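Here the structure is laid out as structure tokens; the discussion comes afterwards.
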Amino acid sequence: MSGGENGPESVFEIQYSNASPYYEWSNVLQGQGNYAVQQCGIRGLSGSADMPYAPGWSTNLPTQNLAAAYSAGDQRKAVTVLDIEAYKAANPSYNIALSGSAV
């Protein structure tokens, strides 16, 4: 846990974990914070254990129209739309590979 999490001013917090990126369908009390990773993660993604992303089902993919809507230099784009090819090139130590189609 990071500092400031689950403090006295907290009203609602979801406990995320990178131990397993998958929702446990047979036990709804486990993996709840990781459901979004499974839904939105990139289909066919693999890489080293240090890679901060996990594969998923590619549901919630941004459209090209959304990516094009940002002005050049708009810092919000980098945190809204992940360019996995650019990320792969910038982080060769993760050994990122994509198999099949992302959609």
(message) Using a 7 Å offset from the Cα along the Cα-to-Cβ direction at both Gln39 and Arg76, what is the distance between the two label points in nm, to one decimal?
(response) 2.2
(request) Quickly work out the Ile84-to-Ser99 label distance, labels modelled 7 Å from Cα along the C-beta direction, and quote it in nm with one decimal. (result) 1.3
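All of the numbers you see were taken from the coordinates with simple rules; none came from a lab. Not measured: the values here are computed from a predicted model. All Cβ positions, even for glycine, are placed from backbone atoms using ideal geometry, and neighbour counts span all protein chains on display.
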